[in-house]
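The structure appears right after this line, and notes come after that.
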Amino acid sequence: MSIEPVESVDFERAREETLKYHKAYYSRFKLFEDGSWLAHPDEPLMQLLNYLEGNIKILDLGCGVGRNAIPMAQALQKQNKQATITCVDVLAESIDLLREYAVTYKVQDIIEPVLADNDDFAMAQLHYDLIAAISTLEHCQGKDRVLALMKEIAESSKNGGFVRIEMTTNRNVVDVVSGEAIATFVETPLLLEEVEEMLAQAFAGWNVIAKTIDPYEETLEKEGRSVHWCSTQINFTAQKP
């Protein structure tokens, strides 16, 4: 089924806006700071650690400053499990802060920071016990690359391995006063139906543990005006046979 894109995209501008937003956010909020989205890790992702054994290999794509990687490392360390968490992010400031937080929380032996774009990062086949892609796949360069990366994630997962993917879809931002549509500046804007088709194709034959679809909306200030943001979050957890 052919689905029209949500909006046309200037990729370079969208990437610039993404990096600018995250640089500003990480300068304002510290890891685990209350009132920020850095306060807590993704709980369903954390629960998957209970099923991992042996010399555990984890990949955290779009890791940021370690919102998920640092707590995962702490939990694995507490369980006396041998593990390596490879953390990939395109923003140098994120990787620098990740290194600092890894030392602060004494998990630097588990964390392996990698400065790279998801589009360019090479994954070994059948290598990872768990791959996390939390709010990152929509920042790839185009729908073809999103699907290709999903397939790479599937191929790189060990038999019995897990994936945890979260993506924001159906982004719609309008000026509260005028009703004017405002560009969201995401590299690959996607409809929910598109993402569901991609997941079904990339992870065909996998055991889908959970798939939830959650609407989200808020009114906020953006560039001096009040805007209304609506989107749909899809959360996908699956295990490779």
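Nothing in this text is a laboratory measurement; each read-out follows from the coordinates by a stated rule. No experiment lies behind these values; they were computed from the predicted model shown. Don't worry about glycine lacking a Cβ; one is built from the backbone with ideal geometry, like all the others, and counts go over all protein chains shown.
Label-to-label distance, residue 103 versus residue 204, with points set 7 angstrom from Cα along the beta-carbon direction: 4.9 nm.
Scanning residues 5 or more positions from residue 127 or on other chains, those with amide H under 5 Å from its amide H are 157, 158, with H placed 1.01 Å from N in the peptide plane. Applying the Karplus relation 6.51 cos²θ - 1.76 cosθ + 1.60 with θ = phi - 60° to region 185-199 yields 3J(HN,Hα) values of 6, 9, 4, 9, x, 9, 8, 4, 4, 5, 5, 4, 5, 4, 4 Hz, where x marks Gly and Pro.
3J(HN,Hα) along region 201-211: 6, 5, 10, 4, x, 6, 8, 7, 7, 7, 9 Hz, from the Karplus curve 6.51 cos²θ - 1.76 cosθ + 1.60 with θ = phi - 60°, whole Hz, x for Gly and Pro.
Projected label points at residue 148 and residue 122, each 7 Å from Cα along the beta carbon direction, are separated by 1.5 nanometres.
Of 106/158; 106/151; 57/240; 81/240; 151/211; 106/211, which ones are farther than 24 Å apart at the Cα? Pairs exceeding the cut-off: 106/158; 106/151; 106/211.
Taking only the Cα atoms of region 147-215, the radius of gyration and Dmax are 15.6, 53 Å.
Toward the positive end of the charge dipole of region 11-239, with +1 on the Cβ of Lys and Arg and -1 on the Cβ of Asp and Glu, the farthest Cα among 39, 59, 102 is that of 102. Between residue 181 and residue 21, the FRET efficiency from the beta-carbon distance, with R0 = 25 Å, is close to 0.85.
The alpha-carbon of residue 78 sits under 19 angstrom from the alpha-carbons of these aspartates and glutamates, leaving out residues fewer than 8 places away in its chain: 42, 43, 53, 109, 112, 129. Taking 0.36 nm per residue of separation and subtracting the current Cα-Cα distance, fully stretching the chain between residue 10 and residue 174 would add 57.1 nm.
For the chain, the share of DSSP beta bridges that are antiparallel, to the nearest 5, is 60%. When restricted to Cα atoms, region 8-115 yields an Rg and a Dmax of 14.5, 49 Å, respectively. Computed from backbone phi, the HN-Hα couplings of region 14-29 come to 4, 5, 4, 5, 4, 5, 4, 4, 6, 4, 5, 5, 6, 7, 8, 10 Hz, rounded to whole numbers (Karplus: 6.51 cos²θ - 1.76 cosθ + 1.60, θ = phi - 60°; Gly and Pro given as x). For residue 169, the amide hydrogen comes within under 5 Å of the amide hydrogens of 232, 233, 234, counting only partners 5 or more places away or on other chains and with H modelled in the peptide plane.
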